[in-house]
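K.L.:
Submitted below is the structure of interest, expressed as C-alpha cells.
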Amino acid sequence: MQKEFLNNEKTRKNTKMRKYYFWENSWGQFCLVEEQQAIIQLYLPGEKMPAEEGCRPDALLLDGVSQVEEYLRGERREFSVPLAPRGTIFQLQVWQELLSIPYGETRSYQHCAVKLGRPGACRAVGMACNRNPLPLFIPCHRVLAKNGALQGFRAGLDMKIKLLQLEQNQP
C-alpha cells in the first residue's frame, strides 16, 4: 500500500512547533520528531542525535514509537502514522518510490531511477536515500547497488545489515 506524504508547506519555516521524543531499546537510542501532527524525522542509533530538549510524548509520538518498536520486533510491516518529510521535489519522488518496495525485498538504485523515468539518476537516487529523514518509515535500507552490494546508510552499514536481516528472517 503506497502512502502519500502530508503537504506541510505552511509549517516549513516554523520550527518552534517541533517536538522531539527520545527513547532507547536494545537497538540503541532513537529520536522521533513531530511537527503539526505529522512525523517529520526519525534518528536511528548510530546517528548524531539532535541537541534539542526532549518532550513529553503526545498520542502521535507514542503511536510512532509503538510502530517503530513493533517493526523492530518483526511484528509490523507497514506504518500508518502521518509522515511529512522535507526535501526537494526529486527527493520526495524518490522517497515515494521507496514506499513501494515490499517488506523483505530490495531494489537497486538503478531500478528506482528507471521507475522514476530518470535512468541516469542512480547517484541522485542514492543521495536522496542518504538524505531520507524518515528511515524505517521510508525504507531506504532496502535499496542496494545494482550488483547487490551494500552501499552507504546514514546510521551505518551495520544498522542497514541488521534491518535487512530483520526483514529477511520474518515469515
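Read-outs throughout are calculated quantities, based only on the coordinates presented, and are distinct from any laboratory measurement. This structure is a prediction, so every number in the text was calculated from the model and none was measured. Using ideal geometry, Cβ is built from the backbone for each residue, glycine included, and neighbour counts are taken over all protein chains shown.
K.L.:
Number of Lys pairs in the chain with C-alpha atoms less than 24 angstrom apart, excluding same-chain neighbours closer than eight positions?
P.N.:
Within the chain, the lysine pair count is 13.
K.L.:
Need the full-extension length gain, Gln151 to Gln37, defined as separation in residues times 0.36 nm minus the C-alpha distance. One decimal, nm.
P.N.:
37.7 nm
K.L.:
May I ask for the equivalent-ellipsoid semi-axes of the chain, computed as the square root of five times each C-alpha gyration tensor eigenvalue and listed largest first in whole Å?
P.N.:
Sorted largest first and rounded, they come to 25, 20, 14 Å.
K.L.:
Rounded to the nearest 500, what is the chain's calculated 222 nm mean residue ellipticity when only DSSP H runs of at least 4 contribute -39500 (n - 2.57) each, over all residues?
P.N.:
-9000 deg cm²/dmol
K.L.:
Hey, what do the phi angles of the stretch 43-48 turn into as Karplus ³J(HN,Hα) couplings, whole Hz, using 6.51/-1.76/1.60 and θ = phi - 60°, x for Gly and Pro?
P.N.:
For the stretch 43-48, the Karplus-derived couplings read 9, 9, x, x, 9, 5 Hz, x marking Gly and Pro.
K.L.:
If you average 1/r over every pair of different alpha-carbon atoms in the stretch 89-168 and take one over that average, what Kirkwood value in Å do you get?
P.N.:
After inverting the pairwise mean of 1/r, the radius is 12.2 Å.
K.L.:
Separate question: Ignoring GluC sites (Glu not before Pro) that are buried or in helix or strand per DSSP, and keeping those with at most 13 other beta carbon atoms within 10 Å, what is the longest stretch of the chain between them?
P.N.:
106-171
K.L.:
Tell me, what ³J(HN,Hα) does each residue in the stretch 21-30 have, in order and in whole Hz, if you take phi through Karplus 6.51 cos²θ - 1.76 cosθ + 1.60 with θ = phi - 60° and put x for Gly and Pro?
P.N.:
These are the phi-based 3J(HN,Hα) values: 10, 9, 7, 10, 8, 5, 7, x, 8, 10 Hz.
K.L.:
If the chain between Cys55 and Met17 were fully stretched, how many nm would it gain, using 0.36 nm times the residue separation less the Cα-Cα distance?
P.N.:
Difference between extended and current length: 12.5 nm.
K.L.:
Then there is this: I'm a student and want to see the number: the projected area of the Cα convex hull of the stretch 13-72, averaged over all directions, in nm².
P.N.:
Approximately 4.2 nm², given one-decimal rounding.
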